[in-house]
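The values are calculated or read from the model by the stated rules, or taken from the named source; none is laboratory data. A quick note: this is a predicted structure, and the numbers were derived from the prediction, not measured. Cβ sites come from the backbone with ideal geometry, for glycine too, and all protein chains shown count toward neighbours.
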Amino acid sequence: MSGLNISDLESGGKSWTPEEIGDKISGKIALVERRQQRDFTSGEPLNWDDGSPRLLTYIELQTDLRDPEIEDDQGIRALYAKGGNYDVAEGKGQAMEKAIVAAVKAAGAKSIDEGAKLTVAQTGKAKATVRGYQPARLYTAKYEAPTASVDVDDLFDD
């Protein structure tokens, strides 16, 4: 499948950040890749103590969402899915990346594929791990693998 055209991002793509438990997003996966995490304040790439890069799963969803304040919003919303182990303080769920992996496995799939339908919901909050910081959000997810199809024109020889 083809990737996402950069003009789609320049004309309205933005990240999805849930505000409350119960907020959710759903759409077709337009792009999925592993990316290096960046420091929230400096923007510098993050590494583990051994020097290896800290990675996250970056997913762009084609949604029905439109922001009236963004001219020509195409409905592309980015998810920055990180892992982690958290104790639940409220609701239920796990780190977004783990929730997506669990959903993919529950669907009987072995990979996260472009064209699949993904729904992610914020379903809880973790116990705070760093004093003065907001607790991590917890998620559940549902994954529906893409269906393969053949164009009618491809069925016949010319």
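What the table shows:
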| item | result |
| --- | --- |
| Subset of the stretch 95-114 that is in contact with a strand residue (DSSP E or B) (Cβ under 6 Å, 6 or more places away or on another chain) and of a type in the set (Gly, Ala, Ser) - its residue that is surrounded by the most Cβ atoms within 10 Å (Cβ to Cβ) | 99 |
| Among residues of the stretch 120-132, those that are at pLDDT below 95 and either within 15 Å of residue 87 (Cβ to Cβ) or buried (at least 17 other Cβ atoms within 10 Å of the Cβ) (or both), counted | 4 |
| Residue list for the stretch 79-123, filter: at positive phi and in contact (Cβ under 8 Å) with a residue 40 or more places away in the chain | 84, 91, 93, 115 |
| Qualifying residue in the stretch 83-95 (condition: within 17 Å of the chain's Cα centre (by Cα) and closer than 20 Å to residue 28 by Cα) | no |
| Filter pass, residue 72 being of a type outside the set (Phe, Trp, Tyr), over 18 Å from the mean Cα position of the chain (by Cα) and surrounded by fewer than 17 Cβ atoms within 10 Å (Cβ to Cβ) | yes |
